[in-house]
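The values are calculated or read from the model by the stated rules, or taken from the named source; none is laboratory data. Given the structure is predicted, the values throughout are model-derived calculations rather than measurements. Here the Cβ is made from the backbone with ideal geometry for all residues, glycine too, and neighbour counts use every protein chain on show. Ligands, DNA and RNA are excluded from the accessible area calculation, which covers all protein heavy atoms including side chains. Shrake-Rupley method; radii C 1.70, N 1.55, O 1.52, S 1.80 Å.
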Amino acid sequence: MMNGVLTHPCSSLWRVAEQFQPADAIADIQEFGQGNINSTFLVTLKNESDQHFILQRLNTQVFPKPQLVMQNIRTYSEHVCQRLCETTGSCPRRWEVPKVLLTTTGQDHWVSPKGDFWRAISYIESAQSLEAIADLHQAQEVGYALGMFHDLISDLPAHQLADTLVGFHITPQYLQQYEHLQGTQVPHPAPEVDYCVQFIRDRQQQADVLERAKAKGDLKLRLIHGDPKINNILIDPDTQEAVSVIDLDTVKPGLIHYDIGDCLRSGCNPLGEETEEWEKVCFDLDQCQAILQGYVGVAQSFLTPQDYDYLYDAIHLLPFELGLRFFTDYLAGNVYFKVHYPEHNLNRALVQFKLTESIEAQAADIRALIKTWQ
Ligand code: GN1
Ligand code: MG
């Protein structure tokens, strides 16, 4: 999505884009997307077909080793392109992989004189990012996309990618960070804050469910996306089929359950994670059914019986975890996620906690649904 903020050819942003394309090839640059961490721009080129590429400044507070992020993305996309080449013919559907674009001097990133870390990624043309799931067919396509994503890297050993964001999706560690902040002054005491504190207290015993399963050997480390929320899944507007999963910064070792839970907490919340009507947030069981149907259709070849055993836990844990992360950031003074107003992270936390409550209220139905594939 373009945000409509045009930049001037003399701006420093144009100097950055010129590291990746000759100056006379660039037509314009606009702010793009709604990322909470990095700064993203869409660069339009002056060729006949008005092609684009994505220019991004990586948040090096969040990703302290950005070169390793780039290395992971390159290893991932080379592997997947190879897999796709091998299966061309047997896979009739369109599937696209974002690629790292090199600078005019052949590097995969450029560090500005100020020390900012910039990189360019190919833009997937003729494809739309989803803001909300429109119907059950789209929901099934979202599940298919995550299944494809996992399937295409299921044969790449997890240790071949670096851990570029230590502690990512390790819920007990987020709980520890939260507990460290407890006792610090709440920015603005309010009933909503008390609700969050109580909500977390009531569920903290369940926070290590996936980490315990990993320690016991029930769940194994694999390569994951890390952030497969629905606006990172692209749909071809003509065929209405999913064609890509973008935003590869958190491709690294992890549990596929983090991805499944994250995709469902995003896909089954029709009001969206930015809604201000947090009291009305509900988990949509039909969309859950359709996303899982699409996912299992592809993933059944690599899912183990234990993977199914922990699906409900993942669906329940990931919205709780994200709510905890947002609330902790609110208490810390909004240092991690970008915000548009001081209570933004508090509001986001409330949305995720309401979603968690709705999942709890439908636990028996969600478990029954999962049983249909076991
Ligand atoms: C962040 O920046 P963005 O929107 O791609 C976050 C995800 C959260 C998401 C919530 C590295 O992703 O974990 O689920 O916000 N990414 C990181 O919208 O923390
Ligand atoms: Mg992301």
Where Val166 falls short, out of the listed (1) assigned to a helix (DSSP H, G or I); (2) without any contact (Cβ under 8 Å) to a residue 12 or more places away in the chain: (1)
Taking the stretch 228-250 and keeping only residues that are in a loop (DSSP other than H, G, I, E, B) and either aromatic (Phe, Trp, Tyr) or more than 13 Å from ligand 2 (Cβ to nearest atom) (or both), one is left with Asp236, Pro237, Asp238, Thr239, Gln240, Glu241
State yes or no: is Ser301 modelled with pLDDT under 95 and in the same structural domain as Gln160 (by TED's automatic domain parsing)? yes
Do you know which residues across the stretch 160-188 are surrounded by 16 or more Cβ atoms within 10 Å (Cβ to Cβ) and among the charged types (D, E, K, R)? Asp163
Is the stretch 48-64 home to any residue that is touching a helix residue (DSSP H, G or I) at 6+ places or on another chain (Cβ under 7 Å), more than 13 Å from ligand 1 (Cβ to nearest atom) and among the hydrophobic types (A, V, I, L, M, F, W, C)? yes
Output yes when any residue across the stretch 193-212 is in contact (Cβ under 8 Å) with a residue 60 or more places away in the chain and closer than 23 Å to Arg94 by Cβ, and no when none is. no
Looking at the stretch 328-348, can you tell me whether even one residue there is small (Gly, Ala, Ser), in the same structural domain as Ala213 (by TED's automatic domain parsing), part of a helix (DSSP H, G or I) and crowded, with 24+ Cβ neighbours inside 10 Å? no
Of the residues Thr239, Thr304, Thr250, only one is closer than 30 Å to Leu58 by Cβ and hydroxyl-bearing (Ser, Thr, Tyr); which? Thr250
Can you find a residue that is of a type in the set (Phe, Trp, Tyr), part of a helix (DSSP H, G or I) and within 16 Å of ligand 2 (Cβ to nearest atom) anywhere in the stretch 251-267? yes
Reported set for the stretch 179-206 where residues are within 14 Å of Leu324 (Cβ to Cβ) and among the charged types (D, E, K, R) is Glu179, Arg201, Asp202, Arg203
Answer yes or no as to whether Lys214 is out of contact with any Gly (no Cβ under 9 Å at 6 or more places or on another chain), open to solvent by 90 Å² or more (accessible area, probe 1.4 Å) and within 20 Å of Pro253 (Cβ to Cβ). no
Mind checking whether some residue in the stretch 356-367 is surrounded by 17 or more Cβ atoms within 10 Å (Cβ to Cβ), acidic (Asp, Glu) and within 30 Å of Asp151 (Cβ to Cβ)? no
Would you check if Gly333 is at positive phi and either of a type in the set (Val, Ile, Thr) or away from ligand 1 (no atom under 16 Å from the Cβ) (or both)? yes
I'd like to verify a number: residues in the stretch 318-327 that are open to solvent by 10 Å² or more (accessible area, probe 1.4 Å) and in contact with a Gly (Cβ under 8 Å, 6 or more places away or on another chain), how many? 0
Of the residues in the stretch 208-227, how many are more than 20 Å from the chain's Cα centre (by Cα), under 16 Å from Phe320 (Cα atoms) and not in a helix (DSSP H, G or I)? 1
